[in-house]
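The values are calculated or read from the model by the stated rules, or taken from the named source; none is laboratory data. Note that this is a predicted model, so its numbers are computed, not measured. Quick reminder, even Gly has a Cβ in these numbers, built from the backbone with ideal geometry, and neighbours come from all protein chains shown. When the accessible area is computed, the model is the full protein with side chains, heavy atoms only, and any ligands, DNA or RNA have been set aside. Shrake-Rupley method; radii C 1.70, N 1.55, O 1.52, S 1.80 Å.
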Amino acid sequence: MTPVQAINHIGIAVRSIDAQRPFYEGTLGAVFEGLETVPDQKVRVGFFRIGDVRLELLEPTDPTSTVVAFLEKRGEGLHHVAFTVAGIEDRIAELKQSGVRMIDDAPRPGAHHMRIAFLHPKCTFGVLTELCEPAVLKDEG
């Protein structure tokens, strides 16, 4: 099995990025890096940096977002841990072959120009786990 390369980010489900931003910036000293809306996932993502670690605050933008269901069931808090991988398609195939249940059988677009896939938390001891691979950006030149 090919190992992951690093922790990419920690995802935190929130009802309002704006309401929590003062805590992350003022109390923890995190550096706010910006906002991005991910229409396919029906979330707005707030990016914060603390040293080498990125935090992503996930705010639902639609009542049908999976983050809404998460918030209703568990409340605000830790949503997922994401790991950087190389060759995400091969990693998904390896995991499936070893019996790991995937939420995503193929990579999909994520925030920060990433290709992502989630492992089902029932196969990861209750931790929603995300694989991330930087998308290859086409040269516009």
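Cβ-Cβ contacts under 8 Å between residues 6 or more apart (or on different chains), taken from a first residue in the stretch 69-80 that is part of a helix (DSSP H, G or I) to a second residue that is open to solvent by 100 Å² or more (accessible area, probe 1.4 Å), are listed as 71/15.
Restricting the stretch 83-105 to residues that are among the small types (Gly, Ala, Ser) and within 18 Å of the chain's Cα centre (by Cα) leaves a set whose member that is least open to solvent (accessible area, probe 1.4 Å) is 87. Filter the stretch 1-28 down to the residues that are open to solvent by less than 50 Å² (accessible area, probe 1.4 Å) and not in a strand (DSSP E or B), then identify the one that is nearest to residue 80 (Cα to Cα). This residue is 14.
Check whether at least one residue in the stretch 85-101 is under 20 Å from residue 47 (Cβ atoms) and of a type in the set (Gly, Ala, Ser), and report yes or no. Within the stretch 85-101, none of the residues are under 20 Å from residue 47 (Cβ atoms) and of a type in the set (Gly, Ala, Ser).
Check off (1) among the basic types (Lys, Arg); (2) crowded, with 17+ Cβ neighbours inside 10 Å; (3) assigned to a helix (DSSP H, G or I); (4) touching an Asp or Glu at 6+ places or on another chain (Cβ under 9 Å) for residue 44 and give me the number that stays unchecked. Against the list (1) among the basic types (Lys, Arg); (2) crowded, with 17+ Cβ neighbours inside 10 Å; (3) assigned to a helix (DSSP H, G or I); (4) touching an Asp or Glu at 6+ places or on another chain (Cβ under 9 Å), residue 44 comes up short only on (3).
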